[in-house]
1. Take the alpha carbon gyration tensor of region 54-169, find the square roots of its eigenvalues, order them as a ≥ b ≥ c, and report rounded if a/c is under 1.5; if not, report prolate when a/b exceeds b/c, else oblate.
2. Compute the length gained on full extension between I74 and K183: take 0.36 nm times their separation in residues and subtract their Cα-Cα distance, giving the result in nm to one decimal.
3. Separation of region 175-196 and region 198-228 by C-alpha centroid, Å?
4. Which chymotrypsin sites (Phe, Trp or Tyr not before Pro) in region 135-196 pass both tests, a DSSP loop state and at most 10 other beta-carbon atoms within 10 Å?
5. How would you classify region 170-273 from its alpha-carbon gyration tensor, with a ≥ b ≥ c the square roots of the eigenvalues: rounded for a/c under 1.5, else prolate if a/b is greater than b/c, otherwise oblate?
6. Just to be sure I understand the model, the point goes 7 Å from the Cα along the line to the Cβ. What's the resulting S266 to R87 distance in nm?
7. What list of ³J(HN,Hα) values in whole Hz, one per residue of region 211-217 in order, does the Karplus curve 6.51 cos²θ - 1.76 cosθ + 1.60 (θ = phi - 60°) give from phi, with Gly and Pro shown as x?
8. Run the numbers for V132 and D217: contour at 0.36 nm per residue of separation, minus the present Cα-Cα distance, in nm.
Amino acid sequence: MKGLFCALFILFTLNVYSQREESVLQDSISKPDLTLEKKLKEVVEAAPLKKKKNVYYGEKVKPSFTRTNARGKIIIEEFNYLKEPTRADKFVRTIFSLERVKGNTRIVKSKPSTKPFEQLLHGPYRKFQDNVLIEEGMFFYGTKHERWLTTDTKGRLLKKEHYHKGWYRDSDISHYDLEKQSKLQEVVPVQYGKREGPYYYFFENGRMAIKGQYEFDKRVGIWEEYYDAARTTIKREIQYPKDPFDPTPPFIRKEWDERGNTIYTSPKIRRSR
């Protein structure tokens, strides 16, 4: 009887040990240690992305500045430019680049060209007067881009404009080729829901056809029409009121033939002389 009891006790002990061993083995398989993997993931997510220095819109630029004395006022302009000759949009009417003459550097405005420009402005621009910021904006391959602000020396806002690659951001722009959009047809300037600024219409070959100015949704000043010729030749001038609220009807000031000879001059111009 005693021997039977001892045999049962030994069997029970072995069974309990076997169950504990199996439980420990299951725990080691079903619960892997993910602490290291979690820490590595947290480090990767927390690591900040390194911003490339002096790179704007994918182009490496060189920062610089100019300092001039304008009637006792110290003007400092900070800007960035492309070191290599680069082409600008051939339709945008004003291109900004650098000009170096006898050791002096200045920012110049140029008309569009199919040839590459030397040192196009590209990236942030800031202008100071007596150490006070009065103008800031962005350049994109020599054209005004994004938001531009102009203030006086007391910080009062004088002008706020939004551009997109040289044109007012909200402008109504159409093209002869709708898919590629490489042949510009018309640019109707729009700011804050109204036509405001320079208007342009082009022939399909890219030559200027019509240009004028809008103010408060009205045509103002002299509008010009051109012949479709290799050499820019004006066709006629149409005079609109200088004041957009002036109800005076427009009239043709002058007309020329394709050779540039005057064929008509308005009597109103003659009387004003």
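1. On the way: a/c = 1.83, a/b = 1.28, b/c = 1.42.
It is oblate, given that a/c is not under 1.5 and a/b is not larger than b/c.
2. Details: separation 109, 0.36 × 109 = 39.24 nm, distance 4.31 nm.
Separation in residues times 0.36 nm, less the Cα-Cα distance, equals 34.9 nm.
3. 12 Å
4. Values: sites: F139, F140, Y141, W148, Y163, W167, Y168, Y176, Y192; in loops: Y141, Y176, Y192.
Taking region 135-196 and a limit of 10 other Cβ atoms within 10 Å, the loop chymotrypsin sites (Phe, Trp or Tyr not before Pro) found are Y192.
5. Details: a/c = 4.13, a/b = 1.21, b/c = 3.40.
The shape class here is oblate.
6. In this crude label model, S266 to R87 measures out at 4.0 nm.
7. Working through the residues one at a time gives 8, x, 9, 10, 9, 6, 6 Hz.
8. Working: separation 85, 0.36 × 85 = 30.60 nm, distance 3.40 nm.
Answer, rounded to one decimal: 27.2 nm.
Values quoted throughout were computed directly from the atomic coordinates according to the rules given, and no laboratory measurement underlies them. Since we're looking at a predicted model, the values are computed, not measured. Reconstructed Cβ throughout: ideal geometry from the backbone, glycine too, with neighbour counts over all protein chains shown.
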